[in-house]
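Heads up: the structure comes next, in structure tokens.
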Amino acid sequence: MRTAAALSLLGLCSCTSLTMAEPQIHVSPYLAVYQLRGTSSVQSEPSPGLVQDNRSQPMRTFGQDHHREDVGVRVDIGDGFGGFRADYYRLDMGTGGSGALDADWGRLLAGDVVRMTADMDEVRVGYEEPLLDLETDFRDHPLRLRCAIGAVVAHRELNLRAATVDGVRQQRLELEGDVAYPAVRARLSWREVSLDVDYAAAPDAFVLGGDWDGMQQDLEVRLAYTLPMRDVTFFGGYRYSEFPATGDANGFRYDADLRLDGYQFGLVLTF
């Protein structure tokens, strides 16, 4: 069922249209100023043979929930709006402090003062086909609205490493998997300014494998300005992404409801 759903979505990538008739290449390096938020819980074994469920702990207890600068790069191949897209982002989040647990978290115990580091590699590959193109005049210049639909496949590998501040006890979560998202895109452009909105959402049926579990969502908004007579565009944007997960860590079940959000700044080079 999941494989069939994913194949039906990715089948959009094989369609033939004017989008790829004379494709351009757009390379977008960007600075991401994101934060990792949410909650997580991990079972524990307070006595031999007794495994218990525990309350969720907010990420800020571990010194997360703060912004950190990382980098990413995006490559678009198409007509500048629709077509193929590949995006790589590397998260490397150090701790912003420490906090005391009010419940066990795997090998970490209630009352422990803990902190956490996080790192993630994320790759997204997709295709979107333009379906709507409307144009009118605004202040003697064309105002254009374009919309597209398609699919995005995302692969994430996220490592959460938590420990007491004295290093006596440690607990690590390794989350990874693949998700196929139905996706939509819209662009409103006027003169040298454009506003892009990308939204992708996938229920559990579109999780292809791994630890991601439940509704996955991803929203990106970018405001861009293109230099007249140049193939260079500058942009600033905002991203909000939800990726809940369930898995196993050293024999203990964990549940995580994680969110990544923040700002991005970069440029687009067209070839």
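The values are calculated or read from the model by the stated rules, or taken from the named source; none is laboratory data. Note that the coordinates shown come from a computational prediction; the quantities given were computed from them, not determined experimentally. FYI the Cβ positions are ideal-geometry reconstructions off the backbone, even for glycines, and counts take in every protein chain you see. Calculation scope for accessible area: heavy atoms of the full protein, side chains included, ligands and nucleic acids excluded. Shrake-Rupley method; radii C 1.70, N 1.55, O 1.52, S 1.80 Å.
Numerical summary
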item: Near pairs, Cβ below 6 angstrom, 6+ apart or cross-chain, from the stretch 105-128 (closer than 28 Å to ASP76 by Cα and part of a strand (DSSP E or B)) to any residue that is open to solvent by 50 Å² or more (accessible area, probe 1.4 Å) and of a type in the set (Val, Ile, Thr); result: none
item: Residue satisfying all of: in the stretch 137-159; modelled with pLDDT of 95 or more and more than 21 Å from the chain's Cα centre (by Cα); most open to solvent (accessible area, probe 1.4 Å) among these; result: ARG144
item: All positions within the stretch 62-98 that are open to solvent by 60 Å² or more (accessible area, probe 1.4 Å), within 18 Å of the chain's Cα centre (by Cα) and closer than 20 Å to ASP231 by Cα; result: PHE84
item: Pairs, first in contact (Cβ under 8 Å) with a residue 12 or more places away in the chain and part of a strand (DSSP E or B) in the stretch 66-93, second open to solvent by 30 Å² or more (accessible area, probe 1.4 Å) and acidic (Asp, Glu), C-beta under 9 Å, six or more apart; result: ARG68/ASP92; ASP70/ASP92; GLY83/GLU129; TYR88/ASP121; TYR89/ASP121; ARG90/ASP121; LEU91/ASP121
item: Considering residues of the stretch 38-61 that are surrounded by 19 or more Cβ atoms within 10 Å (Cβ to Cβ) and more than 20 Å from the chain's Cα centre (by Cα) only, the residue nearest to VAL114 (Cα to Cα); result: THR61
item: Residues of the stretch 175-210 classified as under 16 Å from ARG156 (Cα atoms), modelled with pLDDT under 95 and open to solvent by 20 Å² or more (accessible area, probe 1.4 Å), total; result: 5
item: Some residue of the stretch 83-92 being in contact with a Phe, Trp or Tyr (Cβ under 9 Å, 6 or more places away or on another chain) and of a type in the set (Asp, Glu); result: no
item: Looking only at the stretch 160-174, and only at residues there that are within 13 Å of MET116 (Cβ to Cβ) and of a type in the set (A, V, I, L, M, F, W, C), the one that is most open to solvent (accessible area, probe 1.4 Å); result: VAL165
item: Count - residues of the stretch 156-211 that are in contact (Cβ under 8 Å) with a residue 60 or more places away in the chain and outside any strand (DSSP E or B); result: 4
item: Pair list, Cβ < 6 Å and 6+ apart or interchain, from the stretch 244-255 residues that are touching a residue at least 60 places away in the same chain (Cβ under 8 Å) to residues that are surrounded by fewer than 18 Cβ atoms within 10 Å (Cβ to Cβ) and of a type in the set (Ser, Thr, Tyr); result: ASP255/THR246
item: Residues being at pLDDT 95 or above and either part of a helix (DSSP H, G or I) or under 18 Å from LEU160 (Cα atoms) (or both) - total across the stretch 20-43; result: 10
